[in-house]
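Student: Here it is, the structure in full.
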Amino acid sequence: MAAERFITSELNKREEQNDATLRPQCFADFPGQERVKERLQILVEASTARGDAMAHLLLCGPPGLGKTTLAHIIAHARGAAIKATSGPVIERPGD
């Protein structure tokens, strides 16, 4: 009997659709993390003004701080698409 996986890419797809309507779309709508937001906003505005791609960015920390939401806000501010995933969803190294 195969073990049932509760976290799958199929479940993530459904959550992404709901998240899009619930997440703040700009830095001003994101509550808290003022210092982080200010630095990220400067980074986004500078890269946009230069017409360059943004440098790589790593958001790390415990769950619930808004890392994924900030990533979506950055993508939205740059007019870029974003594809989010989580560790448990990754099944193979190529994923």
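The values are calculated or read from the model by the stated rules, or taken from the named source; none is laboratory data. Please read all numbers here as calculations on a predicted model, not as lab measurements. Because the Cβ atoms are built from the backbone with ideal geometry, glycine has one as well, and the counts that use them run over all protein chains shown. Ligands, DNA and RNA are stripped out before the accessible areas are found, and what is left, the full protein with its side chains, is counted by its heavy atoms. Shrake-Rupley method; radii C 1.70, N 1.55, O 1.52, S 1.80 Å.
Student: Compute the signed sum of charges (Lys and Arg +1, Asp and Glu -1) over the other residues within less than 12 Å, Cβ to Cβ, of Val44.
Tutor: +1
Student: Which far-off residues, 5 or more places away or on another chain, put their amide H under 5 Å from the one on Ile82, with H placed in the peptide plane?
Tutor: Long-range HN contacts for Ile82: none found.
Student: Is there a quick way to get the dipole size of region 36-95? I mean about its Cα centre, with the Cβ of Lys and Arg at +1 and of Asp and Glu at -1; what is the value in debye to the nearest 20?
Tutor: Taking the Cα centre of region 36-95 as origin, the dipole is about 60 debye.
Student: Within the accessible area of region 28-80, what % is carbon and sulfur when the probe is 1.4 Å and the other protein chains stay in place?
Tutor: Heavy-atom surface of region 28-80 belonging to carbon and sulfur, 1.4 Å probe: 58 percent.
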